[in-house]
Amino acid sequence: MLVTQKLTSASDYNASAKTGTIRVGTWDGWRGTAILLVLCGHFYDLEWVWEDRMGVDIFFVLSGMLMSTILFEKRLSLKDFYIRRLSRVYPVLLVYVTAIFGFSWLQDLNFSHSEITGSLLFLRTYYPSEPGIWSSEVAIGHLWSLNVEEHAYLILSILTLALINRKYIGILLLALGCGSVGLGFYYYSTLSIEDFRLFLIRTESAIVFIFFSAGYGLLKRRGEWKGHPVLPALCLCGGLLCYAEALPLWLIFSVSPVLLSIAVNHLDNLHKPLNWILTVAPLRYLGIYSYSIYIWQQFFYEYAWVYPMPKPLVSLLTIAVGVLSYHALENPVRKFINTRWSKNPTYRAGGAAQ
């Protein structure tokens, strides 16, 4: 039987048992902030800031922190890791891809079978190269972020097979992140701005957010670094400025990953007023439903001609569909798969490497 705990802070999580399904209020609020930024960017577009991209990057750094904890500290077996990751991600993705390509076929939109294959195998950012993921007539442009996450999980899980000190894993992840930043500067100096924006959605670029957060988190927890309670808020605000359209684009792939990684890894020592903001009920529930909302919002974003409605109404409809998807598909299917194939997750011998 799965036990669900609702915790208000990451410090509560650190003191909790390894088993069960645990929700941390500040992490849900972080996800809620991320999906709000995505919705703002897609339906309102503030023009002065690239808010939808920042929303995705906020998702990335939380994933990096959580995956480093699960894989390198709790030492969850890779079998259970992949069952639990795919049970959360794939059912909604499969239904969405089926529905969106079915809708595109009915509307006589152009697409190839390779686009379906690339979307389902987390390869769409690379395959097929034409049409590009953002130039496709099918509403799959947002799937680039799933590509990045799944590629990162694969790399992180491979690293767990090496019996090395947690400190060295953290350093290695930071080094890999720095390599990604270096590659970003190279392409920033050689590509046009339009082409470079496309490079920013490729794994070798966007993975810096996951690697920096994972590496910093491992070193932070190992050294028991606390930081000032207002540090997360300052870093989050600083990260927001990196996405300002008036500022250089290189801030997004070099400075923002550092600031957002520090912010998310210090949520366990958050100032009380800031903790209250992240745990306010509407934001937490948006975070809980965020994955389903993120998947389905792309239909309403790209096919606005289907339903000529005011933007606030479209936003509410998008959230409603996401909530329905969570309760009817995402959550029950995930529980069914986990209960059947990963009811009692196993942890590898030896515990966390010190």
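Convert each backbone phi in the stretch 117-127 into a coupling constant with the Karplus relation 6.51 cos²θ - 1.76 cosθ + 1.60 (shift: θ = phi - 60°), then list the ³J(HN,Hα) values in order as whole Hz, x for Gly and Pro.
After applying 6.51 cos²θ - 1.76 cosθ + 1.60, I find 4, x, 5, 7, 9, 6, 10, 4, 5, 10, 9 Hz.
Report, in whole Å, the centroid distance computed from the Cα atoms of the stretch 58-114 and the stretch 161-201.
22 Å
Please list, in order, the residues from the stretch 227-264 whose amide nitrogen is less than 12 Å from a point placed 7 Å along the Cα→Cβ vector of TRP48.
So the set is 241, 244-247.
Rounded, prolate or oblate: pick one for the stretch 89-145, where a ≥ b ≥ c are the square roots of the eigenvalues of its C-alpha gyration tensor, a/c under 1.5 means rounded, and failing that, prolate if a/b is larger than b/c, else oblate.
Values: a/c = 1.72, a/b = 1.04, b/c = 1.66.
In terms of gyration-tensor shape, oblate.
Here are some pairs, LYS74/LYS335; LYS272/LYS311; LYS311/LYS335; LYS272/LYS335; LYS79/LYS226; which of them have Cα atoms lying more than 31 Å apart in this structure?
Among LYS74/LYS335; LYS272/LYS311; LYS311/LYS335; LYS272/LYS335; LYS79/LYS226, the Cα-Cα distance tops 31 Å for LYS272/LYS311; LYS311/LYS335; LYS272/LYS335; LYS79/LYS226.
Residue by residue, what Karplus-based ³J(HN,Hα) values in Hz, rounded to whole numbers, does the stretch 301-309 have, using 6.51, -1.76 and 1.60 with θ = phi - 60° and x for Gly and Pro?
6, 8, 10, 4, 5, 6, 9, x, 10
Rounded to whole Hz and in sequence order, give me ³J(HN,Hα) for the stretch 267-280 from the Karplus expression 6.51 cos²θ - 1.76 cosθ + 1.60, θ = phi - 60°, writing x for Gly and Pro.
5, 6, 10, 8, 4, 3, x, 6, 5, 4, 4, 6, 10, 5
Near the amide H of TYR347, under 5 Å away, which other amide H atoms are found, from residues 5 or more places off or on another chain, if H is placed in the peptide plane?
SER77
Which cross-chain or sequence-distant (5 or more) residues have an amide H under 5 Å from the amide H of VAL49, H modelled 1.01 Å from N in plane?
Close amide H contacts, sequence-distant or interchain: GLU245.
Going by a ≥ b ≥ c, the root eigenvalues of the Cα gyration tensor, does the stretch 217-354 fall in the rounded group (a/c under 1.5), the prolate group (a/b larger than b/c) or the oblate group?
On the way: a/c = 2.02, a/b = 1.15, b/c = 1.75.
Judged from the Cα gyration tensor, the stretch 217-354 comes out oblate (a/c at least 1.5, b/c at or above a/b).
Before anything else, pin down the relative contact order of the stretch 236-289: Cα pairs under 8 Å, at least 6 apart, normalised by residue count, whole percent.
On the way: 20 pairs, mean separation 15.2, N = 54.
Relative CO of the stretch 236-289 lands at 28 percent.
For every other residue with a beta carbon closer than 14 angstrom to the beta carbon of PRO282, add +1 if it is Lys or Arg and -1 if Asp or Glu, then tell me the sum. Provide the component values of the computation, followed by the final result.
Details: positive: ARG31, ARG284; negative: ASP28.
Here the charged neighbours net out to +1.
Which shape class applies to the chain: rounded if a/c is under 1.5, otherwise prolate when a/b exceeds b/c and oblate if not, where a ≥ b ≥ c are the square roots of the Cα gyration tensor eigenvalues?
Working: a/c = 1.37, a/b = 1.23, b/c = 1.11.
Since a/c stays below 1.5, the shape of the chain is classed as rounded.
Given a cut-off of under 8 Å on Cα pairs at least six residues apart, what relative contact order in percent is computed for the chain? Let's see the in-between values first.
Details: 491 pairs, mean separation 105.9, N = 354.
In percent, rounded to a whole number, it is 30.
Using amide H atoms built in the peptide plane, which far-off residues or other-chain residues are under 5 Å from VAL24 H to H?
Correct list: LEU7.
Over the chain, with a Gaussian network built from C-alpha contacts below 10 Å, which listed residue (GLU115, GLU194, GLU204) shows the highest mean-square fluctuation?
Looking only at GLU115, GLU194, GLU204, the largest GNM fluctuation is found for GLU194.
With Cβ to Cβ distances under 11 Å as the rule, what net charge do the other residues near PHE101 carry (K, R +1; D, E -1)? It would help to have the intermediate numbers written out before the result.
Details: positive: none; negative: GLU115, GLU137.
Net charge around PHE101: -2.
Values quoted throughout were computed directly from the atomic coordinates according to the rules given, and no laboratory measurement underlies them. Everything numeric here is computed off the predicted structure, so don't read it as measured data. Heads up, the Cβs are rebuilt from the backbone with ideal geometry, glycines too, and the neighbour counts pull from every protein chain shown.
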